[in-house]
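Below is one structure; the comments refer to it alone.
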Amino acid sequence: MNERERAFNLLQRIERESAYASILLQDETGFVRTLVLGVLRWRSRLDHAIETLAARRLTKLDPNVVDILRIGIYQLMFMDVAPYAAVSETVDLAGRYASRARGFVNAILRSATRRDLHALAKDLATRTAHPQWLLDRWTRKFGAERAAKIAVANQELSYPDVFASNPPPGAEPSKLVPGMYKLSGSSAQIEGYALDEGSGVIADIAAATGRDILDLAAAPGGKTIVMTARGANVVSNDVSIARIRPLIGRSKKLVASDGRQPPFRKRFETVLLDAPCSATGIIRKNPEIKWRLRENDFLKFAVLQRELLASAIKYVSKYVTYSTCSLEPEENDEIVAGYERADISEFVNPEVAKWVDNGVLRLTPESGADGFTAFVLRVR
């Protein structure tokens with residue numbers, strides 16, 4: 001199986017089985033990763049080009065043909081691949097998975113080589129390959145200019161950040177999180193713990209609120225590692241021990257329990273609840289999110305978030321840091337409504353403070369980090 005065929009099969013699984021790209025691509029080659037993530041990142045823009053070239057709606061085409069054309073058009077628009085190779089290899093792929101449409105695929109791709117495909121996208125939703133309803137939400141929340149910046153930032157390539165005692169070669173120190181470094185490319189040789197700057201920011205906020213900390217939904221463990229490095233005594237809890245296995249040997253105490261009914265008999269000075277969410281702040285790393293979400297999904301997450309927050313309040317004596325990697329008010333502002341808030345500016349450094357709005361952290365992807373919303377709740 002060649003690399004384009006491998007990418008085709010992975011896209012099938014991601015789009016039709018709701019598999020996660022980040023998991024499926026862990027052991028894939030750079031070409032396959034680039035192709036799969038690129039198709040997911042730019043999908044609606046690719047689809048617009050296909051519909052323009054084919055003069056018909058995608059719904060009129062066989063789903064296999066659509067995926068094959070997306071692979072071909074992405075190579076022509078965004079990859080440094082010779083056009084003849086992109087066309088011929090993609091046509092061969094059609095021969096294996098959509099033989100009746102081989103001639104059609106060949107015609108569309110050859111036509112594409114004669115067009116300025118980038119000039120076809122006119123509106124912001126098409127240019128940035130985001131659903132219009134999601135852009136509309138962000139425009140209402142952040143204003144049109146910032147919403148556009150968020151969408152543009154989501155389309156940028158994302159590389160690992162690392163929390164390490166020594167700077168990795170060629171890495172740039174993070175401006176947001178001391179001890180974190182930004183890599184300019186992917187690397188399997190990094191020494192340290194890979195997590196995003198945004199996660200590091202949340203960990204630093206929680207560590208600034210106290211030293212006796214319960215990380216109530218700790219997976220995959222990066223925040224626990226940062227908080228421990230800051231001198232905190234952290235108990236790491238998650239619903240499954242397998243989800244926090246990377247913490248074995250790094251954390252003093254691991255607990256596997258449902259965060260809504262944990263087994264603790266004490267109150268902690270502070271609790272970090274980085275709650276499960278829709279993840280609209282991490283589309284840059286997980287582009288398939290924007291195609292799976294529906295607007296009513298936010299309310300589904302809100303039920304669990306409220307239950308977890310109520311549990312966090314029971315086990316804390318001073319502060320709860322409530323955060324999500326979501327930008328949506330249903331999962332953030334509406335969840336903490338009714339609780340007393342502290343001004344989060346008291347717990348962040350000057351660089352992070354630039355992203356604080358009226359006492360609330362609203363870190364969005366144009367920062368270069370994953371998007372997070374966070375509150376510090378005061379418990380009396």
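At a glance:
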item: Some residue of the stretch 284-307 being in contact (Cβ under 8 Å) with a residue 24 or more places away in the chain and touching a Cys at 6+ places or on another chain (Cβ under 8 Å); result: yes
item: Some residue of the stretch 292-302 being of a type outside the set (Ser, Thr, Tyr), over 23 Å from the mean Cα position of the chain (by Cα), surrounded by 15 or more Cβ atoms within 10 Å (Cβ to Cβ) and in the same structural domain as ASP370 (by TED's automatic domain parsing); result: no
item: Residue within the stretch 205-215 that is in contact (Cβ under 8 Å) with a residue 40 or more places away in the chain, part of a loop (DSSP other than H, G, I, E, B) and surrounded by fewer than 24 Cβ atoms within 10 Å (Cβ to Cβ) present; result: yes
item: Selection within the stretch 309-334 - within 20 Å of VAL234 (Cβ to Cβ) and either in a helix (DSSP H, G or I) or more than 22 Å from the chain's Cα centre (by Cα) (or both); result: LEU309, SER311, ALA312, ILE313, LYS314, TYR315, VAL316, SER317, LYS318, TYR319, VAL320
item: Selection status of VAL36, crowded, with 23+ Cβ neighbours inside 10 Å and closer than 28 Å to LEU195 by Cα; result: yes
item: Residue count, the stretch 1-59 (criterion: free of Cβ contacts under 8 Å to residues at least 12 places away in the same chain, outside any helix (DSSP H, G or I) and of a type in the set (A, V, I, L, M)); result: 3
item: Total residues in the stretch 335-372, condition buried (at least 24 other Cβ atoms within 10 Å of the Cβ) and assigned to a strand (DSSP E or B); result: 3
item: Residue within the stretch 325-339 that is in contact with an Asp or Glu (Cβ under 9 Å, 6 or more places away or on another chain), closer than 14 Å to ALA206 by Cα and in contact (Cβ under 8 Å) with a residue 24 or more places away in the chain present; result: no
item: Qualifying positions in the stretch 226-246 - surrounded by fewer than 22 Cβ atoms within 10 Å (Cβ to Cβ), in a helix (DSSP H, G or I) and not small (Gly, Ala, Ser); result: THR228, ILE241, ARG243, ARG245, PRO246
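The values are calculated or read from the model by the stated rules, or taken from the named source; none is laboratory data. Note that the structure is a prediction, hence the values are computed from the model and not measured. As a convention, Cβ positions derive from the backbone with ideal geometry for all residues, glycine included, and neighbour counts pool all protein chains shown.
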